[in-house]
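Heads up: the structure comes next, in structure tokens.
The values are calculated or read from the model by the stated rules, or taken from the named source; none is laboratory data. Just so it is clear, the model here is predicted, and its values are computed rather than measured. Reconstructed Cβ throughout: ideal geometry from the backbone, glycine too, with neighbour counts over all protein chains shown. These area figures cover heavy atoms from the full protein model, side chains too; ligands, DNA and RNA do not enter into them. Shrake-Rupley method; radii C 1.70, N 1.55, O 1.52, S 1.80 Å.
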Amino acid sequence: MLIVLATSPRVAPGLLSWPAWQALRSAAAVLAPAGHPLLPALDEAGIGYRVVEGTPEIESPAADGTVVWLPEPGKDPAVPPGARLLHGSADLPGAHLIDLVATMDRLRVECPWDARQTHQTLARHLLEEPYEALEALESGDDRAFCEELGDVLLQVVFHARVAAERTDGYTIDDVADGIVAKLVRRHPHVFADVTVSGADEVHRNWDDIKRAEREEKKERAERAGSSAVADGPPSSLDGVPFGQPALALAAQLQRRAARAGVPDELARLEDDPGSSGPAGPGADIGAELFHLVAKAREAGRDPEMDLRAAARRYRDLVQAWERS
């Protein structure tokens, strides 16, 4: 009998299933290509093997007992008629991210374009790629959305690879460790003994934890004598990125303020006599837009997504008019 023992390149050599080790130990012959990563583990286990070139052609393996063939890890092995395929190791979910990291490492060394990129030259892609992913999502094309998510993921891996080259930098593992620690810290109802009644309480706890984190971060910076410490007490609006589109910015500011208990009346910008906005005809348009954002929020809508939907409808109407 011929057993084709398939293994994963993302699992450390030697970490095989018990049936795989049983097959190797009981085999009359073990065949493998030169350089197979499992060979040192076979040596350590005292299992003999024979190095062969290419796929072995075994016409009657039953005459000499069971033969185990070890193809290169990761490849979809050809299984001859009458042979049995045995998976000796399998990937855990997310294991293919290792391939992305390895691919980025190689590109950074061997590709002239990738090698010359910096955080600054890559910065625009941090904005462009998520918008392309959003457009694919709105199109309803799941395959295109999956591909665009890969482009977004590439930006994270690329920036981490660039940072790893600095003496004071960080690696992709540091990035992963940071977000895992944050998720665990902000989900005490999952990873600790906190009990919640539902999603609304989860949201409130999240905001409380974020507020405590901001205060702790400011205290650490003050103790370290950092010049980046902002004046005044921590604000519920700390951390809101003002580089995002204005409509999304207004919505995020209002959501943060509402969760902090800020009165809705503060959103009436035209009632503010100290406003420093532009004067002249149409100067109140910004305030009107801000009020529309508040109206959308009260209705449970996302103004950014609603405006995008209206823009798509307008595009369709214009294109229909042009065709007619």
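A compact table of results
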| quantity | calculated |
| --- | --- |
| Net length gained if the chain between LEU237 and ASP99 were fully extended (0.36 nm per residue, minus Cα distance) | 45.8 nm |
| Restricting region 150-200 to trypsin sites (Lys or Arg not before Pro) in coil, as DSSP defines it, with at most 16 other Cβ within 10 Å | ARG166 |
| Rounded to the nearest 10 Å², the accessible area of ASP168 at probe 1.4 Å | 110 Å² |
| Normalised contact order of the chain, rounded percent, pairs of Cα under 8 Å and 6 or more residues apart | 12 percent |
| Built amide H within the under 5 Å cut-off of ILE3, gap 5+ | VAL67, VAL68, TRP69, ARG84 |
| Gain upon complete extension [ALA248, GLU44; 0.36 nm per residue less C-alpha separation] | 67.5 nm |
| Solvent exposure, largest accessible area first (probe 1.4 Å, DNA, RNA and ligands not counted), of PHE191, PHE290, PHE158 | PHE191, PHE290, PHE158 |
| Apportionment of accessible area to carbon and sulfur, the chain, percent (1.4 Å) | 57 percent |
| Structure-derived Kirkwood radius over Cα pairs in Å: which label, when the choices are (1) 26.2; (2) 19.6; (3) 20.6 | (1) |
| Under the Karplus curve 6.51 cos²θ - 1.76 cosθ + 1.60, θ = phi - 60°, whole-Hz ³J(HN,Hα) for region 197-212, x wherever Gly or Pro sits | 8, x, 5, 5, 6, 4, 5, 5, 4, 4, 5, 5, 5, 4, 5, 5 |
| Per-residue SASA entry for VAL101, accessible area with 1.4 Å probe, Å² rounded to 10 | 40 Å² |
| Lysines with Cα under 19 Å of LYS218, excluding same-chain neighbours fewer than 8 positions away | LYS182, LYS210 |
| Förster-model FRET efficiency, 56 Å R0, ASP316 and THR167, C-beta, rounded to 0.05 | 0.55 |
| Heavy-atom SASA rank of LEU134, LEU307, LEU122 (probe 1.4 Å, accessible area, largest first) | LEU307, LEU134, LEU122 |
| Residue order for LEU92, LEU249 - accessible surface, 1.4 angstrom probe, largest first | LEU92, LEU249 |
| Two-site FRET efficiency, LEU134 against LYS295, from Cβ-Cβ distance with R₀ of 22 Å, rounded to 0.05 | 0.45 |
| Selected from PRO81, PRO40, PRO56 as most flexible by GNM, with the chain as the system and alpha-carbon contacts under 10 Å | PRO81 |
| With all protein chains modelled, accessible area of TYR170 [1.4 Å, Å²] | 90 Å² |
| Selected from GLU148, GLU135, GLU215 as most flexible by GNM, with the chain as the system and alpha-carbon contacts under 10 Å | GLU215 |
| Taking N as its residue count, the alpha carbon Rg of region 6-135 over 2.2 N^0.38 Å | 1.48 |
| Stretch gain in nm, segment GLN120-SER26, where the contour uses 0.36 nm per residue and the Cα spacing is subtracted | 28.1 nm |
